[in-house]
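Enquirer: So that we are looking at the same thing, I have put the structure below in structure tokens.
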Amino acid sequence: EAWPEDYFRLPLTDDAGVSALDFLRVALSDKVTPSDPAGLDELAADYAAIYLNHTHRVSPSESPWIDPDGLTSQRSMFEVRDWYRHWGMETPDWRRRPDDHLVVQLEFVAHLLAIATPAALLDAARFLDRHLLRWYGAFADGVELRCRTPYWAAIANLTLVHLDTLRDRLARLDGGERIEMEPIEAEKARRRQVAIDETCASARDFVPGSGPAT
């Protein structure tokens, strides 16, 4: 029988990695996650609540975490789309799964790792800093807090540990040091203020009666 650490190519040997693997090992046990039809139905329902119908109110896309109003398909989506196009990728149907969705971002990082040139690896590091790692920690915390099955909590936690471990490895490259990004809440506050200032400026510039006559 394979152990969780045998499932993955990236070794997780620090305290966070060992803890994440132990969490998954417990979650996979029959006592915690039964493999009977009822247990599988519960897993499927929890998956849908996280990734499909947003019952748990934890978005698997970046925009709601970054946008000041928590909206989907906002600036983050177009920013990551530019990254994909630069490397010859595109989302098959952004209406079904937006460009900034977790799955698409993970596929993009995997794509860059498969290319494995210095430029691709450096872009993988920068993409993690500027996008995926900015919001995934909050997403994983939300899943752990709200999901009903330990399995999905363990998967979210283990994915975060994998991403952090990968980023630490990429930091060994020349120029691969982590980029300190503006905290999300600070960015939201700044963008709200910019919107307020622009609205106020438009109101000041408006002169009643100066519009086109009808």
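The values are calculated or read from the model by the stated rules, or taken from the named source; none is laboratory data. Everything quoted here is computed from the prediction, not taken from an experiment. Ideal geometry is used to build each Cβ from the backbone, glycine not excepted, and the neighbour counts take in all protein chains shown. Side chains are part of the model used for accessible areas, which takes the heavy atoms of the whole protein and leaves out ligands, DNA and RNA. Shrake-Rupley method; radii C 1.70, N 1.55, O 1.52, S 1.80 Å.
Enquirer: Which percent of the Cα-Cα distances in the chain go past 32 Å?
Expert: Tail fraction, whole percent: 29.
Enquirer: Would you rank Phe8, Phe139 by solvent-accessible area, highest first, keeping every protein chain in place and using a 1.4 Å probe? Before the final figure, lay out the partial values.
Expert: Numbers: Phe8 75, Phe139 0 Å².
The ranking, largest first, comes out as Phe8, Phe139.
Enquirer: Rounded, prolate or oblate: which fits the stretch 1-124 when a ≥ b ≥ c are the square roots of the eigenvalues of the alpha-carbon gyration tensor, with rounded for a/c under 1.5 and prolate only if a/b beats b/c?
Expert: On the way: a/c = 2.28, a/b = 1.30, b/c = 1.75.
In terms of gyration-tensor shape, oblate.
Enquirer: Once both labels are modelled 7 Å past Cα along the beta-carbon direction, what's the Asp141-Leu113 spacing in nm?
Expert: The modelled label-to-label distance comes out at 2.5 nm.
Enquirer: Keeping all protein chains in position, work out how much accessible area His131 exposes to a 1.4 Å probe, and write it in Å² to the nearest 10.
Expert: Answer for His131: close to 10 Å² accessible.
Enquirer: I've got another one for you. Taking GluC sites (Glu not before Pro) that fall in a DSSP loop and have at most 12 other Cβ atoms within 10 Å as cut points, what is the longest piece of the chain between them?
Expert: Result, exposed sites excluded: 2-89.
Enquirer: Would you kindly find the accessible area of Asp6, with a 1.4 Å probe and non-protein molecules such as ligands, DNA and RNA excluded, rounding to the nearest 10 Å²?
Expert: Per-residue accessible area (Asp6): approximately 100 Å².
Enquirer: With a ≥ b ≥ c the root eigenvalues of the C-alpha gyration tensor of the stretch 89-179, is it rounded (a/c under 1.5), prolate (a/b larger than b/c) or oblate?
Expert: oblate
Enquirer: Same structure, new question: Scan the chain and hand back the longest stretch that contains none of the trypsin sites (Lys or Arg not before Pro) lying in DSSP loops with at most 15 other Cβ atoms within 10 Å.
Expert: With trypsin sites (Lys or Arg not before Pro) excluded where exposed in loops, the chain gives 97-147 as its longest stretch.
Enquirer: Here is a further query. Quick check: with the 1.4 Å probe, what order do Val103, Val18 take by accessible area, largest first?
Expert: Details: Val103 50, Val18 70 Å².
Solvent-accessible surface, decreasing: Val18, Val103.
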